[in-house]
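Take a look at the structure set out below.
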Amino acid sequence: MDDTQPMPRQPYNQGPSGPPPGPAPVYRQGGPPGDPGYGPGPGYGPGPGPGGPGRGPGPGGPGYQGGGPPPPPDYGYNSPPPPPPPRRERRPRGDGEGTQRAALVIHTIADIAAVILGLWIMLYLLEANQANPFVEFVKGTADWLAAWAQDIFTMESEGLRVFFNYGLPALIYLLVGHGISARVRRL
């Protein structure tokens, strides 16, 4: 036969010795039958017997396994998979629409407050017409938002005083609003 032809299939051979003739041996707990005190030999049975006291389990005694080999251990390969855990209708933390929406509202309010304060600083420094209704609205809203921080800084220059007395609340609104918003998102 050369290398280009496929090899013919041959039946499986268990080797020169082959399987042992006759039925498979039956072992009970403790050793093969014929072992003294274990199996159908001397000393087999409950209590003291020909093999001596306590020489092996008898039928119905502790450790007696019946007429066959012990069952093979089950390592979980043949057992059915465990049932899935019950489904929870509640969403996991942090994925709720309500917390996301609340965080967005807090974030937006802090940004709007900071924008109004910054807009007033810019209008004041650029010497906008304070008789204009829009400028009056921005000044009134900025005064209300920064009422708690008025006259923290008392400086000679009116521009620096307005910058710091309205800029500090704007910065605090941004930091506190964004911090609370981030904390609410993690809930």
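Looking at Asp151, is it of a type in the set (D, E, K, R) and modelled with pLDDT of 95 or more?
Numbers: of a type in the set (D, E, K, R): yes; modelled with pLDDT of 95 or more: no.
Here the answer is no, as Asp151 does not meet what is asked.
Kindly check whether there is at least one residue in the range 88-97 that is farther than 14 Å from Asn165 by Cβ and at pLDDT 85 or above. If you could, list the steps in order and put the result at the bottom.
So the first thing to find is which residues in the range 88-97 are farther than 14 Å from Asn165 by Cβ, and the list is 88-97.
Subset that is at pLDDT 85 or above: none.
Checked the range 88-97: no residue is farther than 14 Å from Asn165 by Cβ and at pLDDT 85 or above.
Looking only at the range 154-183, which residues are in contact with a helix residue (DSSP H, G or I) (Cβ under 6 Å, 6 or more places away or on another chain), aliphatic (A, V, I, L, M), more than 15 Å from Asp111 (Cβ to Cβ) and at pLDDT 90 or above?
Within the range 154-183, Val162, Leu168 meet the criteria.
Could you check, for the range 175-186, whether at least one of its residues is assigned to a helix (DSSP H, G or I), β-branched (Val, Ile, Thr), open to solvent by 50 Å² or more (accessible area, probe 1.4 Å) and out of contact with any strand residue (DSSP E or B) (no Cβ under 6 Å at 6 or more places or on another chain)? Break it down stepwise before answering.
Step one: list which residues in the range 175-186 are assigned to a helix (DSSP H, G or I), which gives 175-185.
Add one more test, that the residue is β-branched (Val, Ile, Thr), and what stays is 176, 180, 184.
Right, trim to open to solvent by 50 Å² or more (accessible area, probe 1.4 Å) and you get 176, 180.
If we keep only those that are out of contact with any strand residue (DSSP E or B) (no Cβ under 6 Å at 6 or more places or on another chain) as well, we get 176, 180.
Taking every residue of the range 175-186 in turn, at least one turns out to be assigned to a helix (DSSP H, G or I), β-branched (Val, Ile, Thr), open to solvent by 50 Å² or more (accessible area, probe 1.4 Å) and out of contact with any strand residue (DSSP E or B) (no Cβ under 6 Å at 6 or more places or on another chain).
What's the total number of residues in the range 97-137 that are loosely packed, with under 14 Cβ neighbours inside 10 Å and in a loop (DSSP other than H, G, I, E, B)?
The qualifying residues number 6.
The values are calculated or read from the model by the stated rules, or taken from the named source; none is laboratory data. As the structure is a computational prediction, the values presented were derived from the model and not from experiment. Methodologically, a virtual Cβ is constructed for each residue, glycine included, from the backbone with ideal geometry; neighbour enumeration extends over all protein chains shown. All accessible areas refer to the heavy atoms of the entire protein, side chains included, with ligands and DNA or RNA removed. Shrake-Rupley method; radii C 1.70, N 1.55, O 1.52, S 1.80 Å.
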